[in-house]
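One structure is given here, and the rest of the page talks about it.
The values are calculated or read from the model by the stated rules, or taken from the named source; none is laboratory data. On a predicted model such as this, the values are computed, not experimentally measured, just so you know. In this analysis, Cβ positions are derived from the backbone assuming ideal geometry, glycine residues included, and neighbour counts consider all displayed protein chains.
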Amino acid sequence: MQRASKIFLIGFMGSGKSTTGRKLASRLKWSFVDLDEKIERTERMDIPAIFSLKGESFFRELESKALRELHSESRIVISTGGGTPCFGDNMEFMLESGLTIYLRMTPSSLKRRLVRSSEGRPLIKDIDKGDLEGFIAGKLADREKWYSRAEITIDLPNTRLSYLLSLIKKRIIQ
């Protein structure tokens with residue numbers, strides 16, 4: 001088994017990829033990149049504005065490009081967008097380039113988190129709060145074929161960071 005020098009965190013929006021990524025990077029003494037933040041800096045506009053002005057297809061192209069720009073980086077934890085693995089050959093790229101970790105949560109847990117931040121999330125901003133859990137469940141079912149390809153799957157919020165670190169340390173360059 002080849003040891004990885006990159007960690008890609010995947011999972012649905014609101015699953016804690018950015019928060020977990022920052023904590024992992026800190027504990028490993030690696031760098032951290034939030035793919036959405038990288039895109040926002042490059043485009044000089046936030047994700048909702050990119051979706052609104054240029055559309056989802058344009059955003060997905062930016063996302064794939066930003067992901068590949070990190071190819072030469074090492075000792076880095078990358079928090080991807082919820083849809084990143086599901087477009088183009090992004091999942092294959094991540095599987096070939098590093099260690100992939102799926103942060104899995106139930107639709108009801110995700111709804112509790114997302115109901116407070118739906119305005120800043122283009123895919124759910126117009127969904128009635130009563131329909132949100134059903135929407136999440138449907139999207140999760142669609143995306144599971146990509147998410148389930150990750151090398152490690154962690155069920156949140158019940159998994160401790162220390163446990164995740166113990167799984168990771170066996171598979172990365174120290």
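So, Arg75, is that one on the phi > 0 side of the Ramachandran plot and of a type outside the set (Phe, Trp, Tyr) or not? If you could, list the steps in order and put the result at the bottom.
Values: on the phi > 0 side of the Ramachandran plot: yes; of a type outside the set (Phe, Trp, Tyr): yes.
Taking the combined requirement at face value, the residue satisfies it.
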Mind listing just one residue for me: the one in region 147-174 that is in contact with a Ser or Thr (Cβ under 6 Å, 6 or more places away or on another chain) and not charged (D, E, K, R) and, of those, surrounded by the most Cβ atoms within 10 Å (Cβ to Cβ)? Ala150
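Residue-by-condition table, conditions (1) surrounded by fewer than 16 Cβ atoms within 10 Å (Cβ to Cβ); (2) at positive phi; (3) hydrophobic (A, V, I, L, M, F, W, C):
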| position | (1), (2), (3) |
| --- | --- |
| Ser15 | no, no, no |
| Thr20 | no, no, no |
| Leu24 | no, no, yes |
| Leu28 | no, no, yes |
| Asp34 | no, no, no |
| Met45 | yes, no, yes |
| Lys54 | yes, no, no |
| Arg60 | no, no, no |
| Arg68 | yes, no, no |
Quickly run through region 124-142 and pick out the residues that are under 15 Å from Cys86 (Cβ atoms) and buried (at least 18 other Cβ atoms within 10 Å of the Cβ). Ile136, Lys139, Leu140
Tally, over region 70-87, of residues that are outside any strand (DSSP E or B), crowded, with 21+ Cβ neighbours inside 10 Å and of a type in the set (S, T, N, Q): 2
Filtered residues of region 123-174 (kept if at pLDDT 90 or above, among the hydroxyl-bearing types (Ser, Thr, Tyr) and either at positive phi or in a loop (DSSP other than H, G, I, E, B) (or both)): Ser148
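Would you confirm, using the coordinates I've provided, whether Glu56 is closer than 25 Å to Ala141 by Cα and out of contact with any Asp or Glu (no Cβ under 6 Å at 6 or more places or on another chain)?
Details: closer than 25 Å to Ala141 by Cα: yes; out of contact with any Asp or Glu (no Cβ under 6 Å at 6 or more places or on another chain): yes.
Yes.
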The lone condition Met1 fails out of (1) of a type in the set (A, V, I, L, M); (2) out of contact with any Gly (no Cβ under 7 Å at 6 or more places or on another chain); (3) modelled with pLDDT of 95 or more is (3)
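I'm trying to understand the selection: among the residues of region 28-44, which are in contact with a helix residue (DSSP H, G or I) (Cβ under 9 Å, 6 or more places away or on another chain) and not in a strand (DSSP E or B)?
Filtering region 28-44 for residues in contact with a helix residue (DSSP H, G or I) (Cβ under 9 Å, 6 or more places away or on another chain) gives 28, 30-40, 42-43.
Listed by number, the residues that qualify are Leu28, Trp30, Leu35, Asp36, Glu37, Lys38, Ile39, Glu40, Thr42, Glu43.
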Within region 104-123, residues being buried (at least 22 other Cβ atoms within 10 Å of the Cβ) and touching a Leu at 6+ places or on another chain (Cβ under 6 Å) number 1
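Which residue out of Ser109, Ser117 is within 11 Å of Phe12 (Cβ to Cβ), among the small types (Gly, Ala, Ser) and within 17 Å of the chain's Cα centre (by Cα)? Show your work before the answer.
Working: Ser117 fails: within 11 Å of Phe12 (Cβ to Cβ).
Only one candidate qualifies: Ser109.
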Given the residues Glu43, Glu37, which is the only one that is free of Cβ contacts under 8 Å to residues at least 40 places away in the same chain and within 15 Å of the chain's Cα centre (by Cα)? Glu37
Would you be able to tell me the number of residues in region 88-103 that are surrounded by fewer than 21 Cβ atoms within 10 Å (Cβ to Cβ) and outside any helix (DSSP H, G or I)? 2
Taking region 1-27 on its own, how many of its residues are in a loop (DSSP other than H, G, I, E, B) and either without any contact (Cβ under 8 Å) to a residue 12 or more places away in the chain or of a type outside the set (Phe, Trp, Tyr) (or both)? 9
